[in-house]
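All remarks here apply to the structure that follows.
The values are calculated or read from the model by the stated rules, or taken from the named source; none is laboratory data. Worth saying up front: this structure is predicted, and the values here are computed from it rather than measured. All Cβ positions, even for glycine, are placed from backbone atoms using ideal geometry, and neighbour counts span all protein chains on display.
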Amino acid sequence: MLRFRKTTFFLFVNSIFSSFLFGCSAWQSDPQTTVNPKSDMAVLIQDLYVLVFWLSVGVFIFIMGAIVYVSIRFRERPGVEAKQFHGNTKLEILWTLIPILIVLTIFLPTASAIPKIKSDAPANALQIDVVGKQWWFEFKYPELNITTANEIHIPVNRPVSFNIESSDVIHAFWIPQLGGKVDMMPGHLNKMWFTPTEARKNAYLGQCTEFCGTSHANMLFRVFVDEQEDFDKWVLSQQQNGMKAQSELAKEGEKLILNNIAFVTDNGTAIGCVTCHKIEGTNAMGMLAPDLTHIASRSTIAAGRYENTKENLIKWISNPSRMKPGVSERSGGMPIYEDYLTPEQIESIVTYLLELK
Amino acid sequence: MTAVLPLTVKENSNSGIWSWLTTVDHKKIGTLYGISGVIFFILAGAEALLIRTQLAAPNGTIISANVYNQLFTMHALMMIFLGVMPMGAAFFNWLVPLMIGARDVAFPRLNALSFWTFLSGGLLLTSSWLFGEAPDVGWFAYAPLTEKAYTIGKAMDFYAAGLILLGVASTIASLNFVVTIINMRAPGMTWFRMPVFVWMIFVVAWLLILSLPVLTIGLVQIYFDRNFATNFFNPTGGGDPLLWQHLFWIFGHPEVYVLILPSMGIVSEVLPTFAKKPIFGYSAIVFAGLSIAVLGFAVWSHHMFTTGLGPVPSIVFSASTMAIGVPTGVKIFNWLATLWGGSIRFTTANLFSIGFIALFTIGGISGVMHASPPIDTQQQDTYFIVAHIHYVLFGGAVFGIFSGFYYWWPKFFGRFLDEKLGKINFWLFFIGMNLTFFPMHFLGVQGMPRRIYRYDTDLGWDMWNQVASIGSYMLAVGMIVFLYAVWKAYKTEPNAPDNPWDAPTLEWATSSPPPEHDFDVIPVVHDRDPLWYNRDNNIVQEQVTDEHIHMPPPSYYPLLLSIGLLVGGIGLLTTLIISFVGVLLVFYAIWGWVLEPTS
């Protein structure tokens, strides 16, 4: 019985351990993985992590092995008495020194990596201001005069410097493959920079990681690392004003949005799309909600939560709170427009939005 | 006097509901702590099961976002403040006087007061569920999310009022046990003959005394921000949300040691008994405990590595955090050396203690990993951290507590917990806990943030979440087995001898269960392991039966004073006039308390 228990215990520990190693390689392909770094800073962190990981594996095997060994070797047996001793100074000094050495092996590279990660960005870095809001991210490129939301493009092999803030509660800004997370604090400006090293079609996933209220789980964003020429094209298109509506349906939607200041009157305050949203080159000048000038160029809506399709946009405008809890309930949140507009009106608005490339 | 004090307890009966409500006996108070702790532990566990059920598959729809946010907040608050802390309190209430050879604590009525105040705070906090106002801001409740602008309703006021009451309870208990340990040790029980458990409780008491005021300040400030329009944490009014984080974690980190040190003490008692040899490196273990406590006050900012801390504080807090790994490592080695050369009996209590060493080690290792700030920026607020805290608090604190249950049950109640059921309980807990929490390391590495009520399908998180959920149900079954063992023990006749395990410490010198006055004769201590010393030197404690033993009489006033505090707390949530009534009640209770005859 005793034997059996020890063996199961050992097998169990062993299986955990091997799945851990097996997993390590499998996880590198996961879209939000922390162990497949694609920027200089993320590589710095990964190097530290690998060192600490193997030290940890060593300590883990040693202690678990010791527990199993002691449990088997010194189990109660007839005729064997326990040895009575109280301590051993030499041993105790030795096993105070061993943890000190292990800790120093971790601490020294840590202490040398911190100043690098926290250093100032190089002068040629692309500046991006990012502001966390309940529950989305606003991005501005001050030098390029671009404003967008929840999705950014950056060029490969050029340093990017983020100026990180929040306009309400604390959020956190995290793109696991490109660097560690930085909190978005109201009233504090935080900085972070890195140089992305791999351009790819698929976005790098980012997510808010500091609990920030009802829809914290739905506060996502995407980073596209482009080759320089793709990035330049993207910049050019983003710098344009919002396009005029083309199709008949879209023209109706355009009229609905731009000519109606209000569909809803909320405590004497008129609320329509233009109260909160901006479409560059029109009278939609709102500053509170995501910029819609080029909404059709983005791959997702609702802060990375849904694909940017006609269907989802209709659902979203009809009742955003059903798509993303808390959005309409919070003060200054998006109204539930199905209470004020007909389905045809909403469809025309969506048609217009999808022409805003 | 009776005319002035209509509430004097007339009959000194030892059973019935009133004997429990008015008791000042440390053993009964310990039992009360234990029962309420286990009940809250079960409730908080049920919350965890709901969480795991929601997360078992991607895009969970069983629970709404708002309820989910309440569940994880309340799970943490209840586990920490209402489950693990009071279960620890159950042990130190029961054991400290017995282990140091005293007949009660220094201030028996204060002891009752701390229990009733704890219960008031616990009920106040949990009653928030009944009003649909359970806090939903995470257990560390970062401002400014907790400000009126973002958390309307009373949820955050429940949090503040509840935790203030719980803080009062813990502070009173801590002062009481510090005085008890300093003053009431039996003749010959020098500081370095004290059981390790008593040392750990001494350290815990100081941690609470020094850290709780900081939390209370923060709680009062957030209450004022919300109700009296101050701006302590409100950035738009010139306040600073970072201030809350500092205040919270200056309390919050020592709190982690408040949770784990009692269990380290329990393990340090259980291992020598079942290895049949003295603890290895007693003074090293004691000094390691002391240095953990001191360093515990110098590491709080490691919870804040991502807040934009500059390079120098990052390096300093990283160094102090890693430094804590050293005394922790020393303890683990010493426990292993205690087993070395022994003749180990694998009782349930011992299995839980050995399990503690293994699981706590894993929690310690992951702790050192995110002591490195760059690594922490990848792990902070992910499931890696969730795995870490549960290895420390479930694999550590809770395993220690269950070891204590199986070890001291015969002493407390004169009945054994069934060993067979106990072993089933242990293996369900041990395997269940590893199934639940080990995959969370993987999820963290895969980038899954904590506190999300749903996740997308294509992120690679499905399988490990499913495994974790299965593990959590195993833990629930383990808990049911434990409760069945308790029920079974309750149904059997008391049959435990004084010292069934041949243990070395003083609590085993008296009968099982101990008489109200603990010891017929106060024992004289000659050695660190007094009962083994007596056994090996054929010393028989002389019994003098005619000694007059004075025990403090029961009292209504601790309960009354706590009710006053509870009414005061309710006033904080409704209208301050009610608080005024509470204050009057408190003053009345103090007046009666002071004038109450003590014999």
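Observations on the model:
- Filter result for A:S39 (at pLDDT 95 or above, among the hydroxyl-bearing types (S, T, Y) and either within 24 Å of the chain's Cα centre (by Cα) or closer than 21 Å to B:M448 by Cα (or both)): yes
Yes/no matrix, rows are residues, columns are (1) modelled with pLDDT under 95; (2) charged (D, E, K, R):
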| position | (1), (2) |
| --- | --- |
| A:F173 | no, no |
| A:D183 | no, yes |
| A:A217 | no, no |
| A:L220 | no, no |
| A:D232 | no, yes |
| A:L258 | yes, no |
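- Tally of residues being in contact with an Asp or Glu (Cβ under 9 Å, 6 or more places away or on another chain) and either β-branched (V, I, T) or not in a loop (DSSP other than H, G, I, E, B) (or both) across the range B:503-521: 6
- Index of the failed condition, B:D536 passing every other in (1) without any contact (Cβ under 8 Å) to a residue 12 or more places away in the chain; (2) within 22 Å of B:Y406 (Cβ to Cβ): (2)
- Only one of the listed residues (A:E92, A:E81) is under 16 Å from B:P278 (Cα atoms), assigned to a helix (DSSP H, G or I) and in the same structural domain as A:I106 (by TED's automatic domain parsing). That residue is A:E92.
- Residue in the range B:295-318 that is surrounded by fewer than 23 Cβ atoms within 10 Å (Cβ to Cβ), at the interface with chain A (Cβ under 7 Å from one of its Cβ atoms), part of a helix (DSSP H, G or I) and not charged (D, E, K, R) present: yes
- In the range B:428-483, of all residues being of a type in the set (A, V, I, L, M) and surrounded by 22 or more Cβ atoms within 10 Å (Cβ to Cβ), the one that is farthest from the other protein chains (Cβ to nearest Cβ) corresponds to B:L475.
- The sole residue among B:A284, B:A275 that is within 11 Å of another protein chain (Cβ to nearest Cβ), touching a residue at least 12 places away in the same chain (Cβ under 8 Å) and touching a strand residue (DSSP E or B) at 6+ places or on another chain (Cβ under 6 Å) is B:A275.
- B:L417 meets each of the listed conditions (1) at the interface with chain A (Cβ under 9 Å from one of its Cβ atoms); (2) outside any helix (DSSP H, G or I); (3) under 23 Å from B:M479 (Cβ atoms); (4) not small (G, A, S) apart from (1).
- Condition met for B:V540 (assigned to a loop (DSSP other than H, G, I, E, B), at pLDDT below 90 and touching an Asp or Glu at 6+ places or on another chain (Cβ under 9 Å)): no
- Checking B:F118, B:F131 one by one, the residue that is part of a loop (DSSP other than H, G, I, E, B) and closer than 19 Å to B:V567 by Cα is B:F131 and no other.
- Only residues that are among the aromatic types (F, W, Y) and surrounded by fewer than 24 Cβ atoms within 10 Å (Cβ to Cβ) were counted across the range B:342-384, and they come to 1.
- Among the residues of the range A:229-249, the ones that are in contact with a Leu (Cβ under 8 Å, 6 or more places away or on another chain) and among the aliphatic types (A, V, I, L, M) come to 2 in all.
- Selection count, the range B:190-213, where residues are away from chain A (no Cβ under 14 Å) and either surrounded by fewer than 20 Cβ atoms within 10 Å (Cβ to Cβ) or within 11 Å of B:A143 (Cα to Cα) (or both): 6
- Residues in the range A:91-137 that are aromatic (F, W, Y) and at the interface with chain B (Cβ under 8 Å from one of its Cβ atoms): 2 in all.
- Failed condition for A:S29, given (1) part of a helix (DSSP H, G or I); (2) more than 7 Å from chain B (Cβ to nearest Cβ): (1)
- B:P86 modelled with pLDDT of 95 or more and either of a type outside the set (K, R) or farther than 20 Å from B:N183 by Cα (or both): yes
- A:I175 within 16 Å of A:A42 (Cβ to Cβ), among the aliphatic types (A, V, I, L, M) and within 14 Å of another protein chain (Cβ to nearest Cβ): yes
- The requirement of being of a type outside the set (S, T, N, Q), within 13 Å of chain B (Cβ to nearest Cβ) and either in a loop (DSSP other than H, G, I, E, B) or without any contact (Cβ under 8 Å) to a residue 12 or more places away in the chain (or both) is fulfilled nowhere in the range A:262-271; no residue meets it.
- Count of residues meeting criterion [more than 10 Å from every other protein chain (Cβ to nearest Cβ), under 12 Å from the mean Cα position of the chain (by Cα) and either among the hydrophobic types (A, V, I, L, M, F, W, C) or more than 16 Å from A:A42 (Cα to Cα) (or both)] in the range A:189-222: 3
- Checking A:Y49, A:Y69 one by one, the residue that is aromatic (F, W, Y), within 30 Å of A:E198 (Cβ to Cβ) and assigned to a helix (DSSP H, G or I) is A:Y49 and no other.
Matching residues to (1) among the hydroxyl-bearing types (S, T, Y); (2) within 8 Å of another protein chain (Cβ to nearest Cβ):
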{"site": "B:A323", "(1), (2)": "no, yes"}
{"site": "B:W340", "(1), (2)": "no, yes"}
{"site": "B:F346", "(1), (2)": "no, yes"}
{"site": "B:I354", "(1), (2)": "no, yes"}
{"site": "B:L359", "(1), (2)": "no, no"}
{"site": "B:S366", "(1), (2)": "yes, yes"}
{"site": "B:H370", "(1), (2)": "no, no"}
{"site": "B:V386", "(1), (2)": "no, no"}
{"site": "B:H390", "(1), (2)": "no, no"}
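- Filter pass, B:N425 being at the interface with another protein chain (Cβ under 9 Å from one of its Cβ atoms) and within 23 Å of the chain's Cα centre (by Cα): no
- Screening B:P278 on (1) modelled with pLDDT of 95 or more; (2) assigned to a helix (DSSP H, G or I); (3) surrounded by fewer than 24 Cβ atoms within 10 Å (Cβ to Cβ) shows it passes everything except condition (2).
- Which listed residue, of A:L144, A:L178, is in the same structural domain as A:D230 (by TED's automatic domain parsing), in contact (Cβ under 8 Å) with a residue 12 or more places away in the chain and out of contact with any strand residue (DSSP E or B) (no Cβ under 6 Å at 6 or more places or on another chain): A:L144
- Meets criteria (away from chain A (no Cβ under 14 Å) and without any contact (Cβ under 8 Å) to a residue 60 or more places away in the chain) for B:G289: no
- Positions within the range B:461-493 being in contact with a helix residue (DSSP H, G or I) (Cβ under 7 Å, 6 or more places away or on another chain) and outside any helix (DSSP H, G or I), in sequence order: B:W461
- Within the range A:43-66, residues that are in contact (Cβ under 8 Å) with a residue 60 or more places away in the chain and within 8 Å of chain B (Cβ to nearest Cβ) reach partners that are assigned to a helix (DSSP H, G or I) and of a type in the set (K, R) with beta carbons closer than 8 Å, at six or more positions or on different chains, in the pairs A:L44/A:K116.
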